[in-house]
Amino acid sequence: MNRGSAIRRSEAVALLATVLSVSWQWTVVHTAFQGNWTALFCAGDRFSRPPEIQDREYVFDGSAGYDGQFYQLIAHDPLLQRHYDGFIDAPRLRYRRILMPGLACLLVGGRPGSIDAAYIAVCWLFVGLGTFCLAQLAADAGRSVWWGLLFLITPATLMALDRMTVDIALTALAAASLLAARKRRWLLLWIALAGAMLSRETGVLAIVAVALWLARQGKFRLAAALSSSVLPAIAWYVFVQRHTAGDYSTSGFRFVSPFFAVLTLPLDPGRIPLIFRIATVAAVAGLLWAAIRSVALAVQDRFQGLETLLCFFFAALVLLFQNDSIWGDPDGFPRIYSPLLVCLIAATWRKKFGQTLASFAMVACPMCLQSAGRLAGAFLGPLIRH
């Protein structure tokens, strides 16, 4: 397959992933939420909301909602001029992750009535970007571009489509960084790295990995130039620090025990909750397996390849960043650590790819079951009611 053909095929795969995403969301929204797309932000009535937003929003009764409801508010008030930070659980933490909310606001010139739609469109953009980059990486390794569709069932993607979380941005930009580095498109790599850190704080790991990768090749000037991609995030963090309060508590951080937090959750009676619990425990095991494999691959590679370096740093995050609130949430750890899965796929196209697919399937299984259940409910719910 020549280069031009691979690019066109990758674009087709990315377009297909985007169309499937739009179709899935349209089906759920129009069958379960009366066509109100704001239901995707998963706003709960246990948090107060700005009246001008709540009046037209789908709000889940008796629920605390989910993270997407806070990033929606940030998109409506990115520069803290409307004081929406008072409606956010951890404003200093949330506002640091400005990339997706900020892009949504910029896309429509700050028009309040269009920001929600723009945020959803930005989510689709990252679906397409991540799928395209993974497809291109597959083609470069001699694999079919159709493997790019793995990005569509990555936990970060599934959660973004379901609840508008921001982890999809870092996951897509990790793949974009690998592709830009392989093609030696340094400006695009700088942009991807800058965006990665503006999407989540852990994006700094991609910057460190790239700098170390280039330094080991003796390209110190290029390493320094690309390391400057951290500056936009630093400037933004300083702005957020000065204008917000209420940082994220780290009191739940402990060693080892948080891995097993999911086992302490109460189990509802019935076969479906039991199946989901088993799948969640398997996801924990799959992620730990992926992390240990990533460390081993980096050591075997002597920390030379960018793919294995990124795997190592994201694996270290999995093994060291242990918090009850993350590991006790069946929806939390799979999406947060999705960049590790994508980097491990890119690092093992040619060797032991089957093991990578197995760990990927284990981690993605709970999210896939949940998405399938949501889609089944969307189709069967109206039939049951009638």
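The values are calculated or read from the model by the stated rules, or taken from the named source; none is laboratory data. This is a predicted model, so every value here is computed, not measured. Using ideal geometry, Cβ is built from the backbone for each residue, glycine included, and neighbour counts are taken over all protein chains shown.
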Tell me yes or no: at least one residue of the range 367-380 is at pLDDT below 90, more than 24 Å from R277 (Cα to Cα) and not polar (S, T, N, Q). yes
Contact list please: Cβ distance under 8 Å, first residue in the range 166-191 and small (G, A, S), second residue surrounded by fewer than 17 Cβ atoms within 10 Å (Cβ to Cβ), pairs at least six apart or on different chains. A176/L188; A180/W186; A180/L188
Candidates L173, L231, L187 - the one that is in a helix (DSSP H, G or I) and either in contact with a helix residue (DSSP H, G or I) (Cβ under 7 Å, 6 or more places away or on another chain) or within 27 Å of T280 (Cα to Cα) (or both): L173
Evaluation of V122 against (1) in contact (Cβ under 8 Å) with a residue 24 or more places away in the chain; (2) within 16 Å of the chain's Cα centre (by Cα); (3) under 30 Å from E307 (Cβ atoms) (one fails), failing number: (1)
Is it the case, given these coordinates, that D116 is part of a helix (DSSP H, G or I) and among the acidic types (D, E)? yes
Given the conditions (1) of a type in the set (D, E, K, R); (2) surrounded by 15 or more Cβ atoms within 10 Å (Cβ to Cβ); (3) over 19 Å from G113 (Cα atoms), which single one is not true for R46? (2)
So which of F87, F70 ends up being of a type in the set (F, W, Y) and surrounded by 20 or more Cβ atoms within 10 Å (Cβ to Cβ)? F70
Filter the range 61-86 down to residues that are over 10 Å from F41 (Cβ atoms) and either touching a strand residue (DSSP E or B) at 6+ places or on another chain (Cβ under 6 Å) or free of Cβ contacts under 8 Å to residues at least 24 places away in the same chain (or both), then give me how many there are. 9
Neighbours by Cβ (under 7 Å, 6+ apart or cross-chain): first from the range 209-224, surrounded by 12 or more Cβ atoms within 10 Å (Cβ to Cβ); second part of a helix (DSSP H, G or I) and not hydrophobic (A, V, I, L, M, F, W, C): V210/S177; A211/S227
In the range 1-109, which helices (runs of 4 or more DSSP H) lie fully inside it and hold 2 or more residues that are within 24 Å of V127 (Cα to Cα) and over 19 Å from the mean Cα position of the chain (by Cα)? 3-32, 99-107
List pairs: first residue in the range 345-367 and touching a residue at least 60 places away in the same chain (Cβ under 8 Å) and of a type in the set (D, E, K, R), second residue surrounded by fewer than 21 Cβ atoms within 10 Å (Cβ to Cβ) and not in a helix (DSSP H, G or I) anywhere in the structure, Cβ distance under 8 angstrom, at least six positions apart or on different chains. R350/A141; R350/G142
